[in-house]
Amino acid sequence: MKRVKHIAFFEFKPECTAEDIADVWRIMEHLTKVIPGILNLTYGENTSTEGLSDGFTWSFVMLFENAAARDAYLPHPAHQDAVQKVVPRLTRVIVCDQECEA
């Protein structure tokens with residue numbers, strides 16, 4: 001069965017402080033503890049030198065056991081709570097998923 005990488009790119013609002021950004025990642029890390037099927041979460045600030053980030057400054061990759069786990073995550077109350085806390089701190093977000101081998 002194929003795993004799913006859930007990939008998001010964040011552009012934080014200019015008024016967000018370093019503490020605001022750290023809080024976002026604490027919120028995201030909490031999801032890995034309370035939502036079944038999340039295998040891994042990595043995140044970090046953009047370090048690309050290509051100049052193609054279009055203003056997106058941070059990204060994360062969440063690895064799910066399979067598409068069913070990802071589908072269960074999306075409406076999960078903990079994820080919906082995270083959305084309510086994180087999205088107001090963002091100017092823009094892009095999300096895309098890809099299947100990968102286990």
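Of note:
- Looking across the stretch 60-72, the residues that are free of Cβ contacts under 8 Å to residues at least 60 places away in the same chain and either surrounded by fewer than 17 Cβ atoms within 10 Å (Cβ to Cβ) or touching a Gly at 6+ places or on another chain (Cβ under 7 Å) (or both) come down to 61, 68, 71, 72.
- Residues of the stretch 54-83 that are closer than 16 Å to residue 31 by Cβ, in contact with a strand residue (DSSP E or B) (Cβ under 8 Å, 6 or more places away or on another chain) and either among the basic types (Lys, Arg) or not in a strand (DSSP E or B) (or both): 65, 69, 70, 73.
- Applying a threshold of 7 Å to beta carbon distances and a minimum spacing of six or more residues, or different chains, the list of pairs starting in the stretch 1-12 at a residue that is acidic (Asp, Glu) and ending at one that is open to solvent by 70 Å² or more (accessible area, probe 1.4 Å) reads 11/91; 11/92.
- Evaluation of residue 32 against (1) touching a strand residue (DSSP E or B) at 6+ places or on another chain (Cβ under 7 Å); (2) β-branched (Val, Ile, Thr); (3) loosely packed, with under 12 Cβ neighbours inside 10 Å (one fails), failing number: (3)
- Checked against the criterion of being touching a Lys or Arg at 6+ places or on another chain (Cβ under 6 Å), modelled with pLDDT of 95 or more, of a type in the set (Ser, Thr, Tyr) and under 18 Å from residue 10 (Cβ atoms), the candidates 42, 91, 47, 57 yield just one match: 91.
- Residue ID - farthest from residue 72 (Cα to Cα), chosen from residues in the stretch 10-23 that are open to solvent by less than 80 Å² (accessible area, probe 1.4 Å) and not in a helix (DSSP H, G or I): 17
- Boolean, residue 29 is without any contact (Cβ under 8 Å) to a residue 12 or more places away in the chain, under 20 Å from residue 84 (Cα atoms) and among the charged types (D, E, K, R): no
Residue by residue, here is whether (1) assigned to a strand (DSSP E or B); (2) touching a helix residue (DSSP H, G or I) at 6+ places or on another chain (Cβ under 9 Å); (3) of a type outside the set (Gly, Ala, Ser) holds:
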| site | (1), (2), (3) |
| --- | --- |
| 25 | no, no, yes |
| 31 | no, yes, yes |
| 40 | yes, yes, yes |
| 52 | no, no, yes |
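The values are calculated or read from the model by the stated rules, or taken from the named source; none is laboratory data. Nothing here was measured: the structure is a model prediction, and the numbers come from that model. Positions of Cβ are generated from backbone atoms using ideal geometry, with glycine treated the same way; all protein chains shown enter the neighbour counts. Only protein heavy atoms, including side chains, enter the accessible area calculation; ligands, DNA and RNA are left aside. Shrake-Rupley method; radii C 1.70, N 1.55, O 1.52, S 1.80 Å.
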